[in-house]
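The values are calculated or read from the model by the stated rules, or taken from the named source; none is laboratory data. Owing to the predicted nature of the structure, the values given are computational and were not obtained by experimental measurement. Note that each Cβ is placed from the backbone with ideal geometry, even for glycine, and that neighbours are counted across all protein chains shown. In case anyone asks, the SASA skips ligands and DNA or RNA and just uses the protein heavy atoms, side chains included. Shrake-Rupley method; radii C 1.70, N 1.55, O 1.52, S 1.80 Å.
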Amino acid sequence: MAKLPKLKNAALRRQALTHCSLPNHNERLEFIGDGILQGVVTSLLSQRYPTYSEGRLTKERAKFVSNKALAKVAKRFHLGQQLYLAASAEKQGCRTNYKILGGAVEALIGAYFIDSGHNYTAAEKVVRQLLSL
């Protein structure tokens, strides 16, 4: 099983993996992580492909940041089994839902950003590790 980079703050890790069906859930971390993820991938693609049009870059970025792409990342790290869910969410199949899994990856990115003291460079390194960039 692939291992996630370590977080210093275990509470942040738990929050990042907590579904919105429970208190202290991951939605704020997901919001932060989405922004970091978009920025890192946008920067990387614009550097790698200086001649691509905006439209083509947008399509390339979607290959990395869509919920379906992020769900593949989540599956590589077995995040579905690590999620904290209410019984009702468990019954609804949230452990395998690609939107939930993608959100968990974004939340983890947000958690790494906060855990690093809001260090964008450290978060960028984690994004590159998670997405194998």
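Only residues that are of a type in the set (Gly, Ala, Ser) and touching a His at 6+ places or on another chain (Cβ under 9 Å) were counted in the stretch 80-106, giving 4. For beta carbons closer than 7 Å, sequence separation of 6+ or different chains, a first residue in the stretch 115-133 that is touching a residue at least 40 places away in the same chain (Cβ under 8 Å) and a second that is assigned to a loop (DSSP other than H, G, I, E, B) and among the aliphatic types (A, V, I, L, M), the qualifying pairs are Asp115/Leu7. Screening the stretch 75-107 for residues that are touching a Lys or Arg at 6+ places or on another chain (Cβ under 8 Å) and in a helix (DSSP H, G or I) and picking the one that is most open to solvent (accessible area, probe 1.4 Å) gives Gln81. I'm checking my understanding of the structure. Among residues of the stretch 60-74 that are among the basic types (Lys, Arg) and either under 12 Å from Lys99 (Cα atoms) or modelled with pLDDT of 95 or more (or both), which one is most open to solvent (accessible area, probe 1.4 Å)? Among residues in the stretch 60-74 that are among the basic types (Lys, Arg) and either under 12 Å from Lys99 (Cα atoms) or modelled with pLDDT of 95 or more (or both), the one most open to solvent (accessible area, probe 1.4 Å) is Lys72. Take the conditions out of contact with any strand residue (DSSP E or B) (no Cβ under 6 Å at 6 or more places or on another chain), outside any helix (DSSP H, G or I) and either crowded, with 18+ Cβ neighbours inside 10 Å or on the phi > 0 side of the Ramachandran plot (or both) and apply them to Leu29. Does it pass? For Leu29, the condition - out of contact with any strand residue (DSSP E or B) (no Cβ under 6 Å at 6 or more places or on another chain), outside any helix (DSSP H, G or I) and either crowded, with 18+ Cβ neighbours inside 10 Å or on the phi > 0 side of the Ramachandran plot (or both) - is not met.
In the condition set (1) in contact (Cβ under 8 Å) with a residue 24 or more places away in the chain; (2) basic (Lys, Arg); (3) within 16 Å of Leu17 (Cα to Cα), Arg95 is compliant with all but (1).
Of all the criteria given as (1) of a type outside the set (A, V, I, L, M, F, W, C); (2) part of a loop (DSSP other than H, G, I, E, B); (3) buried (at least 23 other Cβ atoms within 10 Å of the Cβ), the one not satisfied by Tyr112 is (2). Each residue in the stretch 32-73 was checked for being part of a helix (DSSP H, G or I), more than 20 Å from Ala123 (Cα to Cα) and of a type in the set (Gly, Ala, Ser), and 1 of them qualify. Looking across the stretch 1-26, the residues that are of a type in the set (Gly, Ala, Ser) and assigned to a helix (DSSP H, G or I) come down to Ala10, Ala11, Ala16.
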